[in-house]
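Structure first, then comments.
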Amino acid sequence: MSRLELITPEGLRVDGRRANELRKITAKTSVFSQADGSAYIEQGNTKCLAAVYGPREVRHRMQALADRALINVEFNVAPFSSSERKKRSKNDKRSLEVAAFIRQTFEPVILTSQFPRTQIDIYLQIFQNDGGLLQSCINAATMALVDAGIPMLDYVCACSAGCIDKEPVLDLNNLEESADTPELTVAILPRTGKVTLLEMESRLHVDKLASVTELATEGCMQIHKVLDGVIRENTEHLMSRLNA
């Protein structure tokens with residue numbers, strides 16, 4: 001599909017959204033009883049499951065950090081998640097890259113100094129990939145960490161934005177990503193507006209950088225409202241069960 005077809009003359013995208021519109025988000029926490037914290041999120045047709053274990057004893061004593069907890073991230077994409085049906089191993093270059101981005105995003109936010117010589121494991125599984133893979137993982141991991149009761153400075157909310165026909169667009173889907181659309185993923189702390197991740201997949205003209213970053217930041221704030229609502233609803237449900 002050519003880039004001209006990605007936005008109609010009426011300003012609508014392939015999935016019927018406006019340029020500054022997010023895909024529908026569905027999220028829930030405590031989906032695993034065995035994990036310390038877990039969460040499931042759907043952003044459009046992208047589906048991600050996150051599980052958090054820890055803080056717990058480190059697997060290898062040599063890796064233990066005397067002043068803080070070690071954060072370990074494992075990311076995996078199901079072979080049936082996209083039309084490619086390609087099986088990726090845990091040591092796949094792209095999977096390791098995404099895991100490293102997520103670890104670096106959370107390291108300054110989790111209060112690791114409270115848990116020296118321990119390990120916090122974050123496991124992420126993509127069941128369906130329709131674009132925005134990194135942002136979905138970060139948002140799911142945030143909810144799972146909150147569900148596990150691990151102290152953080154703030155929520156970490158992520159959103160992507162790109163540029164189609166010189167127009168900034170929010171929350172790209174797989175079709176838009178496949179058309180070599182310049183894409184930027186931003187993760188912020190909503191209360192302070194501090195940026196913890198800024199990742200770009202392809203070249204973006206410097207004149208468009210500010211507007212695309214601003215649009216992605218606005219998307220992060222909208223996502224924060226959704227995630228905060230889900231966490232509060234889950235907490236109220238838990239409180240009502242405890243008081244019953």
Report task. Only one of these is over 20 Å from ALA19 (Cα atoms), open to solvent by less than 70 Å² (accessible area, probe 1.4 Å) and either modelled with pLDDT under 95 or not aromatic (Phe, Trp, Tyr) (or both): GLY193, GLY162. Name it. Result -> GLY193
Requested in this report: Please enumerate the residues belonging to segment 124-154 that are modelled with pLDDT of 95 or more, assigned to a loop (DSSP other than H, G, I, E, B), closer than 28 Å to SER211 by Cα and open to solvent by less than 30 Å² (accessible area, probe 1.4 Å).
Outcome: ASP154
Query raised in the report: VAL169: within 29 Å of GLY16 (Cα to Cα), out of contact with any Ser or Thr (no Cβ under 7 Å at 6 or more places or on another chain) and outside any loop (DSSP other than H, G, I, E, B), yes or no?
Result: yes
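The values are calculated or read from the model by the stated rules, or taken from the named source; none is laboratory data. Quick caveat: nothing in here was measured; it's all calculated off a predicted structure. Glycine also receives a Cβ, built like all others from the backbone with ideal geometry; neighbour counts cover every protein chain displayed. Note: areas computed on protein heavy atoms with side chains; ligands, DNA, RNA excluded. Shrake-Rupley method; radii C 1.70, N 1.55, O 1.52, S 1.80 Å.
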